[in-house]
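Step one of this worksheet: look at the structure below.
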Amino acid sequence: MVDLDSEVPPLPPRYRFRDLLLGDQSWQSDDRVQVEFYMNENTFKERLKLFFIKNQRSSLRIRLFNFSLKLLSCFLYIVRVLLDDPTQGLGCKDFNRSCSNQNYTPGTIDWSPIIWVNRSLPLWGLQVSVALISLFETLLLSYLSYKGNIWEQILRIPFLLEIINAVPFIITIFWPVLRNLFIPVFLNCWLAKHALENMINDLHRAIQRTQSAMFNQVLILISTLLCLIFTCICGIQHLERAGNRLTLFDSLYFCIVTFSTVGFGDVTPKIWPSKLLVVIMICVALVVLPIQFEQLAYLWMERQKSGGNYSRHRAQTEKHVVLCVSSLKIDLLMDFLNEFYAHPRLQDYYVVILCPTEMDAQVRRVLQIPMWSQRVIYLQGSALKDQDLLRAKMDDAEACFILSSRCEVDRTAADHQTILRAWAVKDFAPNCPLYVQILKPENKFHIKFADHVVCEEEFKYAMLALNCICPATSTLITLLVHTSRGQTAPWEAFRQLTGTKQTLNRECQQSQEQWQKMYGRCSGNEVYHINLEESAFFAEYEGKSFTYASFHAHKKFGVCLIGVRKEDNKNILLNPGPRYIMSSTDICFYINITKEENSAIKKQEKHRKKHESKLSYHGTSRLPVHSIIASMGTVAIDLQDAGCRTPSGPTLALPSEGGKEGRRPSIAPVLEVADSSSLQTCDLLSDQSEDETTPSDDEVSAGLEYAKGYPPYSPYIGSSPTFCHLLHEKVPFCCLRLDKGCQHNFYEDAKAYGFKNKLIIVAAETAGNGLYNFIVPLRAYYRPKKELNPIVLLLDNPPDMHFLDAICWFPMVYYMVGSIDNLDDLLRCGVTFAANMVVVDKESTMSAEEDYMADAKTIVNVQTLFRLFSSLSIITELTHPANMRFMQFRAKDCYSLALSKLEKKEREKGSNLAFMFRLPFAAGRVFSISMLDTLLYQSFVKDYMISITRLLLGLDTTPGSGFLCSMKITEEDLWIRTYARLYQKLCSSTGDIPIGVYRTESQKLTTSESREMASQSQISISVEDWEDTKDTKEQISYRSNHRNSTSSDRSDHPLLRRKSMQWARRLSRRAPRHSGRTAEKINQQRMNLYRRSERQELAELVKNRMKHLGLSPAGYDEMNDHQNTLSYILINPSPDTRLELNDIVYLIRPDPLAYVPNTAPGQKDSFCNTVGQDTREETQL
């Protein structure tokens, strides 16, 4: 075999200059043909041009060599000046001139020291060599750059300077007499500056990387300034050889003093050539430097707009995250910064904002605050450009957050931009974790590769749906995903605010302080995680059931264990049930005021009577002082003595008036390992039950036999399959229309259908795919079919066919084309029979010239509904959380005004949830989807938060994982008394885990207000008895509306105005004493009558429209006013919190399908029978 290595000669090591000129001679002896790819560089000139100009690397070497020659020539000039002595006059002897030492005489100039210098022979030789090389290089480059116009090459300033500095040295070779002739070699500094600029340009071309224009401009400015100073120093020093004979240091001192405009005057030029040179240099400086500074200032302003770069050194030594947005608003920025930096371990992180728009004034002011200016870097650029991603050092970032602009008119286009940004970042930095926010659910599958995705419409509609069956779910989720640390209300400030508006007695103050303290303290609870074997809370429960661990951890430490995750499984299980046995490798998820790592645990003393006296109750709803004390992020937990109670709890004696023979007098213990006999899914607080699996005669006749299964059609890709109540056959599209009859039915309004349960009405602009997630939780399989509420979609625009295909399989789902602006549409869709009215923010109004005006139409429409249908539960979505203060607005309500001032104080203190004490938000009547942005931000620290939230909202269903539901406390259940006993009852009977309480209280009136109400009641009776009216129906209607009215701002009715005037005149004649007090009382009573009259006028308006539409007004008469109640949430309250009537308890119920017995396959249709015994479903899921 032929050895190919011996046959093929090695290639030359590199591309040498000799090879360019002569070619490689080693190839001439080879028989093979050499092909040289020079293109057009086959001539000698073209080869030289390739080496000196076109080739980036060789050109860079040539320019670097030229720059070094110029610096060397300047250095040799300084050496010559230091060695020269102008008093010797060596240059004059050759011309036989008398150059004896002489002093300067004013008025005369000796030009010989200026023309002649003392240059030694070695120094002359070096300068001549440098001059020859420089001149040869200049001539060669001029020849290679020649393009037909020789004067263009000759008249260039660098060429002229080269001739002035090099040609005289070459002449001295042939004429030695001129060897000591002065040559202005210091002018080579300008040639060095020119070579430096060309060298930087070649450097950019060679390394294929571009420095910023700011760097180039600063370099040019500094080099120009140095050249001016060096030229002035050398020129003044040389000219003053005939004057003051200044040294280089004296000349440097003079130039610095002169250019800095100080001008001490101790060193000044004496002869006119020096003075002329100073004038020329100052003029040049006044022309050149301002131009350079102007360009630098312009580049600096542009740099400030674009934000500059995040240096590679900082990216490698510091940690940073990148925030990509299409437009940056101040609310979005502050929400991100407050939530991101709320975690202690993120304090050293930097935030790099990449935004294509220019920074607005508000954002600029915020980023100038020292707290943020040191940690936030704003870069103007696009995520679709690799250069901008390189500026942000995306490949070194810890994470990238990509947020959509929800204020865009076209939300689909906004999603498309987000998708492209996510693709660009993934392509540029594949290892960078992505946190993406998307608006439309149908676009979610494009970004499945992202580490964490939050779809706005998915979460929004699921949260609105759960709000209808679990009140205030939106507030519950919002408080859990926020880092609030317990927003305890400053009551002293609140009391002062309310005292300025109204007189409150001590009892009223205690009551209002109470709910704010309870609500504020419990709002600090968040979801944390810890490994079981490393936990002081849960380590002792290894090998025990989940419900046992959850109950005893709450009883002992006050923490609520809600879920686990196995080591070998990524799925989180919420309340896996009593059959789940805790393992040492499990990850536990719990709700607490702070994480266990920040807790210090100490044992309580057995006998602390003083402390127990402080824990006594002062009212039925007062929360005792909790043992958990939050202080600077660290919690001290006092352990109760284990010997105080038996594991089964104390034996309860039932009240005599509430006891029943069938109810057990005590609560069963929570077993360590569950058995089949202890698992009874009976009624939570009683033993009564009914068989849901056996349909009643009414259900059979009405065709209400529903199947359970997965929906056969999904409106978008990526929806999680959910087991639901479905129809055996899909409903024709014509039957889905509520307000129009068809060949299958003739109903044209909600009243004609005769629904047994109250309606749930959703008012939306369009039937988007996200609306599908509103229906699914309300038709989930674990909801009893007797509790299913009819759903009516009130849409501004007709739905698409594919959306109707998705909803036609669900029972009792209808739609109607109409608007909440129209009273007739509201009445047709059954608003008088509705339990909840959900108002979704319209996409067409989300963008406005003034940002906060985007919610104006929604707010006014909801306020109209609130005035017309006061008992209707209205759940509203807003774009901006700041607009929550306008919900159910009462201009003359002193309590609301006091809460408004309290909110302002909380906002001044930097609270992340300043609006949380607003009554509509606390009651779950309003929420903003922007509040869920923090869910994406928290996922950077708590990567499990999105999964837990989706499980709670029913967006994901994991086998073996529980679901969120609720139950209501009735009078028969008050024997439980405390939250801890309820926890034990639920864990021991059904395996449910309570996580919070939704409490509704009545606002207590002051003494003066109570008297006014009593007097108003008496006045109403006296007026009706005194006034002789013939229409008895009108009197009854008047009494009814009179009793149910409250203090709201209303107009009057003509008949009532006449009655009130007659009544006032009669009372004024009967008042013998206290005329002033009586007059004040009369005015107050008259105003109450006016207010009642507007309520009656609104009622008459609604009734007339109902009669006009052929609807019965009976349902409207039953609507009561609930304006004197307030509701709030207690997340994970203290174990000894008292239960109150009508409390709604949030539960995480185990998955019924996880424990279906194999011996009873026929009972799978009803989850109540899956664990052995039928139940009476009283819970509101």
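Read the figures in this text as sums done on the coordinates, not as results from a lab. Keep in mind the model is a prediction, meaning the values are calculated, not measured. Glycine gets a Cβ as well: all are built from the backbone with ideal geometry, and neighbour counts include every protein chain shown.
Taking packing as the residue-averaged number of other Cβ atoms within 10 angstrom, the listed peptides 834-843, 343-352, 467-476 run from highest to lowest as 467-476, 834-843, 343-352.
Projecting the Cα atoms of 438, 351, 384 onto the dipole axis of segment 350-438, where Lys and Arg carry +1 and Asp and Glu carry -1 at the beta carbon, places 351 farthest toward the positive end. Just to confirm a number: summing +1 for Lys and Arg and -1 for Asp and Glu over residues other than residue 391 whose beta-carbon lies under 11 angstrom from that of residue 391, what do you get? Net charge in that neighbourhood comes out at +1.
Computed from point charges on the beta carbon alone (+1 for Lys and Arg, -1 for Asp and Glu), the dipole magnitude for segment 719-828 about its Cα centre is near 640 Debye. In this structure, residue 941 and residue 977 have a Cβ-Cβ separation that, at R0 = 35 Å, corresponds to a calculated FRET efficiency of about 0.35. Mean separation of Cα pairs under 8 Å and 6 or more residues apart, divided by the residue count, gives segment 176-290 a relative contact order of 25 percent. All other residues whose Cβ lies under 15 angstrom from that of residue 183 are scored, Lys and Arg at +1 and Asp and Glu at -1, for a net of +3. In sequence order, segment 769-779 has phi-based couplings of 5, x, 5, 4, 6, 7, 7, 4, x, 7, 10 Hz under the Karplus curve 6.51 cos²θ - 1.76 cosθ + 1.60, θ = phi - 60°, and Gly or Pro positions carry x. The slack in the chain from residue 297 to residue 900, taken as 0.36 nm per residue of separation less the alpha-carbon distance, amounts to 212.4 nm.
Were the residues from residue 44 through residue 65 laid out at 0.36 nm apart, the gain over their Cα-Cα distance would be 5.3 nm.
With a simple spin-label model that places each label point 7 Å from the Cα along the Cα-to-Cβ direction, the separation between residue 155 and residue 540 comes to 9.9 nm.
Of the residues 771, 732, 755, the one whose Cα sits farthest towards the positive end of the charge dipole of segment 728-778 is 755 (charges of +1 on Lys and Arg Cβ, -1 on Asp and Glu Cβ, taken about the Cα centre).
Summarising the label geometry, the points placed 7 Å from Cα in the beta-carbon direction at residue 347 and residue 705 lie 6.7 nm from one another. Under 20 Å from a label point set 7 Å out along the Cα-to-Cβ vector of residue 756, the amide N atoms of segment 762-796 belong to 778-792.
A simple packing score, the average count of other Cβ atoms within 10 Å per residue, orders the peptides 274-281, 1130-1137 as 1130-1137, 274-281, with the highest score first.
Sorted on the mean count of surrounding Cβ atoms within 10 Å across their residues, most packed first, peptides 330-339, 139-148, 454-463, 915-924 read 454-463, 915-924, 330-339, 139-148.
Residue 357 to residue 318: FRET efficiency via 1/(1 + (r/R0)^6), r the Cβ-Cβ distance, R0 22 Å, to the nearest 0.05? Once rounded, the FRET efficiency stands at 0.25.
Report, in listed order, any pair from 570/968; 857/1103; 708/751; 440/1107 with a Cα-Cα distance greater than 32 Å. Result: 570/968; 440/1107 exceed 32 Å.
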